[in-house]
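S.K.: Could you have a look at this structure, given as structure tokens, before my questions?
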Amino acid sequence: MRFKRIYIEITNVCNLSCKFCKPHTRKNRFMEVQEFETILNKISSYTSYIYLHVKGEPLLHPEVDRLIKIAYEKGFKVNLTTNATLLSEHLEITKYLRQINISFHATNDVEILKLSKKITDCIVNYRIWNLNENSDALKLIKKEFSITEDITFDTSSNYTLGPNIFLSTASKFKWPSVHDANSSDGYCHALKDQIAILVDGTVIPCCLDNNGDINLGNIFNESLEDILSKERTIKILKNFKNRVAVEALCKKCTYKNRF
């Protein structure tokens, strides 16, 4: 089995509080370098693309530059999602990235735009996934890049702002919770195209499992092969192929309605 991407949460600590981002209830933690290397060694035959993202701000990690360089040297294509408030301290490391995703869900700082325009070694992708709460950010981006065309948020869209610079827009989605009232079946890319690994090593089906409710195992003391071979894992994947959600959190998730 090969995944299009594997998310790795190197920290669940953040320096901002976005309305967009649902708070987690897990213990705050930073992944150790040795733990990160263990993960990379265990997933190396399962993907070429890693995304340093689930919850938290990865640039807060005291050794984030070292982690990115380790992954790069092991041959992974590294993608980073950040609010960019600490980007000025880590511009040098962008040469080891495939893509940096800059989220504009809690900051409208034009200096971040000016700074990120200096990045030439990797793809820069700005994200705005809720226009009503981020109209000022959109205005700044359009002004900075002299964009005159209309920007839509009805569906996921991508706009080219310059060489290797893009804007990703989408309507707002709700982080799922087992306590939500809604319940539905549907298709999902979880366990087919992606998995996620939380900062404590917990393996979950996708990056929207905010609190690790669907704990498939722990990669620090199990192989990924064993985790993917478990009855629970196989059941989730098999039923998603038939557009059936078997896990309580998956039944509550509305993001699957986009597929």
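The values are calculated or read from the model by the stated rules, or taken from the named source; none is laboratory data. It should be emphasised that the depicted structure is a prediction, and the values quoted were computed from it without experimental measurement. All Cβ positions, glycine included, derive from the backbone under ideal geometry; neighbour counts span all protein chains shown. Accessible surface areas use protein heavy atoms only, side chains included; no ligands, DNA or RNA. Shrake-Rupley method; radii C 1.70, N 1.55, O 1.52, S 1.80 Å.
S.K.: Between Arg127 and residues 5 or more places away or on another chain, which pairs have amide H atoms under 5 Å apart, with H built 1.01 Å from N, and which residues are they?
M.R.: Residues meeting the amide H criterion: Ile102, Ser103, Phe104, Ser168.
S.K.: What residues have an amide H closer than 5 Å to that of Ile8, excluding those fewer than 5 places away on the same chain, when H is modeled at 1.01 Å from N in the peptide plane?
M.R.: Residues meeting the criterion, in which the H sits 1.01 Å from N, are Tyr51, Leu52, His53, Ile197.
S.K.: So, counting K/R as plus one and D/E as minus one, what does the shell of residues with Cβ under 15 Å around Asn28 add up to?
M.R.: Once positives and negatives cancel, what remains is 0.
S.K.: Within the chain, what whole-number % of the accessible surface is contributed by carbon and sulfur, with the 1.4 Å probe and all protein chains included in the calculation?
M.R.: With neighbouring chains kept in place, the figure for the chain is 47 percent.
S.K.: While we're looking at this one, here's another question. Suppose every Lys and Arg Cβ carries +1 and every Asp and Glu Cβ carries -1, with no other charges. What dipole size does region 3-128 come out with about its Cα centre, to the nearest 20 debye?
M.R.: 520
S.K.: Apply the Karplus parameterisation 6.51 cos²θ - 1.76 cosθ + 1.60, with θ equal to phi minus 60°, to every residue of region 89-104 and state each ³J(HN,Hα) to the nearest whole Hz, in sequence, with x for glycine and proline.
M.R.: Running phi through 6.51 cos²θ - 1.76 cosθ + 1.60 with θ = phi - 60° gives 7, 9, 4, 4, 6, 5, 5, 9, 9, 7, 8, 10, 9, 9, 8, 10 Hz.
S.K.: Taking θ = phi - 60°, what integer Hz values does the Karplus form 6.51 cos²θ - 1.76 cosθ + 1.60 yield along region 44-61, in sequence order, with x for Gly and Pro?
M.R.: Each residue of region 44-61 in turn: 4, 8, 10, 6, 10, 10, 10, 10, 7, 5, 7, 10, x, 9, x, 6, 6, 4 Hz.
S.K.: In the structure shown, do any of Lys118/Lys139; Lys55/Lys118; Lys114/Lys256; Lys69/Lys251; Lys69/Lys118 have a Cα-Cα gap over 28 Å, and if so which?
M.R.: Correct reply: Lys114/Lys256; Lys69/Lys251.
S.K.: Residues of the chain: accessible area per residue at 1.4 Å, in Å²?
M.R.: Dividing the accessible area of the chain by its residue count gives 48 Å².
S.K.: Here's something else I'd like to know. Only Lys, Arg, Asp and Glu count, each charged at its Cβ (+1, +1, -1, -1), so figure out the dipole size of the chain about its Cα centre, rounded to 20 debye.
M.R.: So the dipole magnitude of the chain works out to roughly 700 debye.
S.K.: In deg cm²/dmol, rounded to 500, what helix-only [θ] at 222 nm does the chain give when every DSSP H run of at least 4 residues adds -39500 (n - 2.57) and the total is split over its residues?
M.R.: -7000 deg cm²/dmol
S.K.: For the chain, just say rounded, prolate or oblate: build the C-alpha gyration tensor, square-root its eigenvalues into a ≥ b ≥ c, call rounded for a/c under 1.5, and beyond that prolate if a/b exceeds b/c, oblate if not.
M.R.: Cα axes put the chain in the oblate bin.
S.K.: Rounded to the nearest 20 Debye, what is the dipole magnitude of region 69-186 about its Cα centre when Lys and Arg each give +1 and Asp and Glu each give -1 at the C-beta?
M.R.: With Lys and Arg at +1 and Asp and Glu at -1, about 380 debye.
S.K.: How large is ³J(HN,Hα) for each residue in region 64-80, as worked out from phi by the Karplus curve 6.51 cos²θ - 1.76 cosθ + 1.60 (θ = phi - 60°), to whole Hz, x for Gly and Pro?
M.R.: 4, 4, 5, 4, 4, 5, 4, 5, 4, 5, 7, x, 7, 8, 9, 10, 10
S.K.: Using mean Cβ contacts within 10 Å as the protection proxy, how do 245-251, 40-46 order, highest first?
M.R.: 245-251, 40-46
S.K.: Now, a different point. So what's the gap between the Cα centers of region 1-58 and region 158-204, to the nearest angstrom?
M.R.: 13
S.K.: If we sort 104-112, 63-71, 20-28, 189-197 on the protection proxy, mean other Cβ atoms within 10 Å, highest first, what's the order?
M.R.: 189-197, 63-71, 104-112, 20-28
S.K.: Separate question: Below 11 angstrom from the Cβ of Leu113, what's the summed charge of the other residues (Lys, Arg +1; Asp, Glu -1)?
M.R.: +2
S.K.: What's the FRET efficiency of Glu73 with Leu115 using the Cβ-Cβ distance as r and R₀ = 22 Å, to the nearest 0.05?
M.R.: Approximately 0.25, to the nearest 0.05.
S.K.: Something else now. Sum up the charges of everything whose Cβ sits under 15 Å from the Cβ of Glu231, counting Lys and Arg as +1 and Asp and Glu as -1, but leave Glu231 out.
M.R.: 0
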